[in-house]
1. Find how many whole Å separate the alpha carbon centroid of the range 60-134 from the alpha carbon centroid of the range 8-49.
2. Out of Ile124, Ile52, Ile62, any idea which swings most in a Gaussian network model of the chain, alpha carbons joined below 10 Å?
3. Can you tell me the relative contact order of the chain? Whole percent, Cα pairs under 8 Å, sequence separation 6 or more.
4. With r as the distance between the Cβ atoms of His16 and Ile87 and R0 = 25 Å, compute the FRET efficiency 1/(1 + (r/R0)^6) and round to 0.05.
5. Please report the carbon-and-sulfur percent of the accessible area for the chain; probe 1.4 Å, protein heavy atoms only, DNA, RNA and ligands left out.
6. Can you work out the accessible area per residue across the chain, with the rest of the protein chains kept in place, probe 1.4 Å, in square angstrom?
7. Quick one: how many Å² of Trp94 are accessible to a 1.4 Å probe, rounded to 10?
8. Any chance you could count the Lys pairs in the chain whose alpha carbons are under 27 Å apart, treating pairs 8 or more apart or on different chains as valid?
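The values are calculated or read from the model by the stated rules, or taken from the named source; none is laboratory data. Everything numeric in this text was worked out from a predicted model, so none of it was measured. FYI the Cβ positions are ideal-geometry reconstructions off the backbone, even for glycines, and counts take in every protein chain you see. With ligands, DNA and RNA removed, areas are computed over all heavy atoms of the protein, side chains included. Shrake-Rupley method; radii C 1.70, N 1.55, O 1.52, S 1.80 Å.
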Amino acid sequence: RQIRNTLNSYEDRMAHLAKDARKYTVEKYLKHTFAVACLVMFLIGAPIGAIIKKGGLGIPAIISVGFFILFYVLSMVGEKLGREGVINLEFGMWLANGTLFLFGLFFMNQARNDSSLFDKDWYIQIWKKLTNKK
């Protein structure tokens, strides 16, 4: 009985130490991922500013807030799943940056091609083409 209690105690201690190690690793990755997140947000924001032709603060601010909320949700989900050991810790911590980096590359390509991605008239023309074909 004493040996079983000792082994259970060691097992609990090892689980606690593993949880602490994941917690410290998460904090280490947070320092790096937040620094890279600034660059990724710039990679999204600058092309959006170039794509949206009309002045004002409304649409760009809404789009920026939307991407920030997406970043926050993905980073919290990745951090929680990584901390609990459900997914690989590195993957969970870099999930938000990787996803938003792909959006940033897409917007950068659209800005380079002078796309009318956020132009209302472009969507109206596409809608007219789709409704006329039927």
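1. 21
2. Per the Cα network of the chain with a 10 Å cutoff, Ile124 tops the list.
3. Values: 97 pairs, mean separation 42.5, N = 134.
It rounds to 32 percent for the chain.
4. Using R0 = 25 Å, I get an efficiency of 0.75.
5. Values: 6490 of 9880 Å².
The value for the chain is 66 percent carbon and sulfur by accessible area.
6. On the way: 9880 Å² over 134 residues.
Using a 1.4 Å probe on heavy atoms only, each residue of the chain averages 74 Å².
7. 90
8. Close lysine pairs found across the chain: 17.
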